[in-house]
Amino acid sequence: MRLDTALGLEDRRGPLAIIVKTVLYGGMVIVFTGPLVGLLVSAFGETLDPTGFSIVPDGFTLKNFFRAGEMGVYGYLLNSFVVVGFGLLLQMLVSVFAAYSLARKKFRGMTIVLLIMLATMMLPEEVIIIPLSVVLADVPPFHLDLIGSYAGMILPVGAWGFSILVMTEFMKEVPVELEEAAHIDGAGELRTFFTIILPLCRPALGVIGVFGFTMIWDQYLLPLIVATESSQWTLPIALRSLRADEESGIGVLLAASLLALLPSIIAFLIFQRQFMRGLTSGAIKG
Amino acid sequence: MTTTLPSGPTPRQGPGRRSGTLTAWLFLAPALLLFLYFKFIPMFEGLRMSFFEVRPYLGDEWVGTDNYRTILSDGAFVSAMWHSTALALGTTVGSLVLGLLLALLIEGKARYLWFVRTAAFLPVVTTMAAVAEVWRIMYHPGDTGMLNTIIGWLGIGPQPFLASEDSSLLSIMGMGIWRGTPYDMMIFLAGLVGVDRTLYEAAAVDGASTWRRLRHVTLPALRPVFWILFTLAAIRGLRVFVEVYVLTNGGPNGSSEVLMTLIYKLGLQRGDLGVAAAGSIVLFVATLLLTLLVQFLRRRQPK
């Protein structure tokens, strides 16, 4: 007798087992995706009233998305994309640079640097949000005011301990010999890095890319303290202001929520394998 | 890519050791600078602010521990602490129990199981603010609201959900469990892969029931995963902000006010930055104590 799972449920094939499994798995799918399907259906539906929210379609219309345009939703979406685009680029560059150093170089103070990385991961960003709003208004030593600018939403997410550590673990696996061969051939430090190391790290770049994307896209408190006018809002923080609209009821809110959800869901579906890998490596290793 | 070259102490080629150290620090510099400016300076600034009355343009005034005294004797802050704790505990335990149960039920290699897992995992990657708006609509208190319609089929009368002081916190918890369960489920599944299969077979040879096998083989193997998930989720629960801000903004009548929504209101809406900073430090100390407590309990567990 072979036992591959704890409950052995997969191997039960009787009619009763099939019914039970269908109900169970069907129920799971409905419970966990129901609200999302409901959002998809209702955003394209004619519903004006919260009580009409349902997973059963009631017609198909694009008017919520047109009305969303009139209320500036696409501007908020653009802000979100600018922040996530530059933020992710910065975050990935910073991570690969730092990881290269941590995985490849031996130098005094490395243990301290690793401790610093871990400390930043232990420090919840919510805890420092109040002083961060003060620091962003007057960045030493130049007295820069980043409040009300994209930079204020981008720079604070530029370094993320999680990506650096995931990348470091991965780079340790890349064979050192390749790099040494490049050095012998006379390639400089930066050239070796970009032509030898980075291409080998593609799988890990997928992991930190998809995690970084969802992390930055989901930022809420940071844009909330940085944006001073509604034209600077990112989509997640703009949603609250779209709740009540005389003309379209909850329609615009639903359309905007759908637009806020789709990018991370699409990113997840495309990079699923990388996502699961990062998830288990991040959680199991703590 | 797995060519095995003779290993052993290979002499390092290339530039000398000192310039190697310099490049190392240069490669690290962007990360360290960003951490310094946006993590460490704010942290120390927060600590400093918590002992001052912060007055922009006028200069800060040293007030000693007054901010802490103010906040710890404030009834709203104390009840926010209890709400945060209850919310963190409820969401954590609910997600862990459900996540473990679902992981056991869905373990296996079949293709359709992979589909169910992927579908069930979607809540985890969703944007919190958007999904909270959806839940706010589903929690519509009228008897034609979506969730009230569903519980109506089960013969339960309409509930006020977010609109009542008695159920607002529980309703937020419900959404938190919906979003937290698939995450825990996935990590438990990864843990289940690592369980020694020969132990299952040995248990079967000994005639052990499924329940005994579960209790003596599977669950002990999952213990480390359980502790990690518990710590992560409890800390995340204590600092919860977005869900509460979107769903109720602390209402009705403060019944779902948590630490972060209160700190946000104190600091950025009322402008009482010093007191808000003190509140943040209290929250930080709470998460620190929680982490240490869990580590302590974990060490004391019999192996």
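Remark: pairs (first residue in the range A:21-38, within 7 Å of chain B (Cβ to nearest Cβ); second residue aromatic (Phe, Trp, Tyr) and surrounded by fewer than 20 Cβ atoms within 10 Å (Cβ to Cβ); Cβ separation under 9 Å; 6+ apart in sequence or on different chains) = A:TYR25/B:TYR112; A:TYR25/B:PHE115; A:VAL29/B:PHE115.
Evaluating A:SER54 against the criteria (1) outside the structural domain of A:LEU254 (by TED's automatic domain parsing); (2) assigned to a helix (DSSP H, G or I); (3) modelled with pLDDT under 90 leaves one unmet condition, (2).
The C-beta contact set for the range B:44-59 (first residue within 8 Å of chain A (Cβ to nearest Cβ), second residue outside any loop (DSSP other than H, G, I, E, B) and surrounded by fewer than 16 Cβ atoms within 10 Å (Cβ to Cβ), distance under 9 angstrom, 6+ apart or interchain) comprises B:VAL54/B:GLU61.
Looking across the range B:64-80, the residues that are among the polar types (S, T, N, Q) and not in a helix (DSSP H, G or I) come down to B:THR65, B:SER73. When the range A:8-37 is filtered for residues that are of a type in the set (A, V, I, L, M), crowded, with 17+ Cβ neighbours inside 10 Å and closer than 23 Å to B:SER209 by Cβ, only A:LEU9 remains. Could you tell me whether B:VAL285 is among the hydrophobic types (A, V, I, L, M, F, W, C), in contact (Cβ under 8 Å) with a residue 40 or more places away in the chain and either outside any helix (DSSP H, G or I) or out of contact with any Leu (no Cβ under 9 Å at 6 or more places or on another chain) (or both)? No: the conditions fail for B:VAL285.
Within the range B:287-303, the set of residues being in contact with a Lys or Arg (Cβ under 9 Å, 6 or more places away or on another chain) and within 28 Å of B:ARG69 (Cα to Cα) comprises B:THR287 only.
Among the residues making up the range B:176-225, a single one is acidic (Asp, Glu) and at the interface with chain A (Cβ under 8 Å from one of its Cβ atoms): B:GLU201. Listed by position, the helices (runs of 4 or more DSSP H) inside the range A:197-280 whose residues that are of a type in the set (Lys, Arg) number at least 1 are A:202-217. Within the range B:171-226, the set of residues being polar (S, T, N, Q) and within 27 Å of the chain's Cα centre (by Cα) comprises B:SER171, B:THR181, B:THR218. Taking B:TRP114, is it among the aromatic types (Phe, Trp, Tyr) and under 19 Å from A:LEU40 (Cβ atoms)? So B:TRP114 does not fit the description; no. Residues in the range B:157-173 include none that are at pLDDT 85 or above and facing chain A (nearest Cβ under 10 Å). Can you tell me which residue in the range A:238-276 is nearest to B:ALA120 (Cα to Cα), limited to those that are within 7 Å of chain B (Cβ to nearest Cβ) and buried (at least 20 other Cβ atoms within 10 Å of the Cβ)? Result: A:PHE268.
Yes/no matrix, rows are residues, columns are (1) surrounded by 19 or more Cβ atoms within 10 Å (Cβ to Cβ); (2) outside the structural domain of A:PHE86 (by TED's automatic domain parsing); (3) under 23 Å from A:SER133 (Cβ atoms):
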site: A:CYS201; (1), (2), (3): yes, no, no
site: A:GLY206; (1), (2), (3): no, no, no
site: A:THR214; (1), (2), (3): yes, no, no
site: A:ASP218; (1), (2), (3): no, no, yes
site: A:ALA227; (1), (2), (3): yes, no, yes
site: A:PRO236; (1), (2), (3): yes, no, yes
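Criterion applied to B:LEU72, B:LEU96 was being in contact (Cβ under 8 Å) with a residue 24 or more places away in the chain and within 14 Å of chain A (Cβ to nearest Cβ), and the one residue passing it is B:LEU96. Restricting attention to the range A:21-51, which residues are part of a helix (DSSP H, G or I) and in contact with a Gly (Cβ under 9 Å, 6 or more places away or on another chain)? Listed by number, the residues that qualify are A:SER42, A:ALA43, A:PRO50, A:THR51.
Is it the case that the range B:228-245 has a residue that's away from chain A (no Cβ under 11 Å) and acidic (Asp, Glu)? There is no residue in the range B:228-245 that is away from chain A (no Cβ under 11 Å) and acidic (Asp, Glu). What residue, among those in the range B:81-121 that are touching a Ser or Thr at 6+ places or on another chain (Cβ under 7 Å) and outside any helix (DSSP H, G or I), is surrounded by the most Cβ atoms within 10 Å (Cβ to Cβ)? Once the filter is applied, the top-ranked residue is B:GLU107. Test each condition in (1) over 14 Å from B:SER280 (Cα atoms); (2) buried (at least 23 other Cβ atoms within 10 Å of the Cβ); (3) not basic (Lys, Arg) for B:ILE71 and report the one that comes out false. If we test B:ILE71 against (1) over 14 Å from B:SER280 (Cα atoms); (2) buried (at least 23 other Cβ atoms within 10 Å of the Cβ); (3) not basic (Lys, Arg), just (1) comes out false.
Which of the residues that make up the range A:38-60 are surrounded by fewer than 15 Cβ atoms within 10 Å (Cβ to Cβ) and out of contact with any Phe, Trp or Tyr (no Cβ under 9 Å at 6 or more places or on another chain)?
A:ASP49, A:VAL56, A:ASP58
In summary, helices (runs of 4 or more DSSP H) completely within the range A:98-190 and bearing 2 or more residues that are farther than 25 Å from A:SER80 by Cα occur at A:110-122, A:161-173, A:176-184. Taking the range A:1-20 as the range and being part of a helix (DSSP H, G or I) and at the interface with another protein chain (Cβ under 9 Å from one of its Cβ atoms) as the test, the residues that pass are A:LEU9, A:GLU10, A:ASP11. Hey, does the range B:163-181 have a residue that's crowded, with 18+ Cβ neighbours inside 10 Å, touching a Gly at 6+ places or on another chain (Cβ under 9 Å) and more than 30 Å from A:LEU235 (Cα to Cα)? No; the residues of the range B:163-181 include none that is crowded, with 18+ Cβ neighbours inside 10 Å, touching a Gly at 6+ places or on another chain (Cβ under 9 Å) and more than 30 Å from A:LEU235 (Cα to Cα).
Against the conditions (1) in a helix (DSSP H, G or I); (2) within 7 Å of chain A (Cβ to nearest Cβ), B:THR144 satisfies every one except (1). Counting only helices (runs of 4 or more DSSP H) that sit completely within the range B:184-268, those holding 3 or more residues that are not basic (Lys, Arg) correspond to B:197-205, B:219-238, B:242-247, B:259-264.
Suppose the filter is within 24 Å of B:GLU133 (Cα to Cα), part of a helix (DSSP H, G or I) and within 11 Å of chain A (Cβ to nearest Cβ); does B:ILE150 pass it? The answer is yes for B:ILE150.
The values are calculated or read from the model by the stated rules, or taken from the named source; none is laboratory data. Only a predicted model underlies this, so the values are computations on that prediction, with no experimental measurement involved. Glycine gets a Cβ as well: all are built from the backbone with ideal geometry, and neighbour counts include every protein chain shown.
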